[in-house]
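These notes are about the structure you will find just below.
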Amino acid sequence: MTNILSLINQIQKLGLEKNARVMALLRSLIVDPHNKERWNQLNHILNPAITYDAFFGKPFKKANELVTGDIKFALTEQKLPIGVHLTEPHILIAGQTGCGKSVLLMLFLAQAITQGV
């Protein structure tokens, strides 16, 4: 049963709980958890999704103290702030012309001024 519970968590993490084929295979595995063919069919669907998530998934699920610095400049998908720490001596801001590098620097400067830095 532990394998089924971890499988359910993995399916939810990958956002596959609305996939009819995945859910049908999951139901059949709940009834018969020793059905190797069903496990193989489900793994055939899940493995590419796991690989894709590893390469292109969200970099973090919840912001922590490493990314919530003093000067905020963005929000995560969960609307948590991302920022830079004032103790960091250097940051790199790179991008194509017109993508907002100067605007970002102005936001940094405005926040630093309002914080009295």
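Every number here is computed from the coordinates shown, using simple stated rules; none is lab data. Only a predicted model underlies this, so the values are computations on that prediction, with no experimental measurement involved. Heads up, the Cβs are rebuilt from the backbone with ideal geometry, glycines too, and the neighbour counts pull from every protein chain shown.
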Two-decimal ratio, the chain, of alpha-carbon radius of gyration to 2.2 N^0.38 Å: 1.62
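Report, in debye and to the nearest 20, how large the dipole of the stretch 2-56 comes out about its Cα centre when Lys and Arg carry +1 and Asp and Glu carry -1 on their Cβ.
Charge dipole of the stretch 2-56: 80 debye, to the nearest 20.
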Value of [θ]222 nm, deg cm²/dmol, for the chain, DSSP H segments ≥ 4, -39500 (n - 2.57) each, nearest 500: -17000 deg cm²/dmol
Theoretical FRET efficiency, 1/(1+(r/R0)^6), r = Cβ-Cβ of LYS72 and VAL103, R0 22 Å, to 0.05: 0.95
Cα-projected label distance for ASP53 with LEU5, points at 7 Å along beta-carbon direction, nm: 1.8
Summed residue charge, Cβ within 12 Å of LEU107's Cβ, Lys/Arg positive, Asp/Glu negative: +2
Length released on extending from ILE93 to HIS44, taking residue separation times 0.36 nm less the Cα-Cα span: 13.6 nm
Among ILE50, LEU16, ILE71 - extreme Cα towards positive end, dipole of the chain, charges at beta-carbon: LEU16
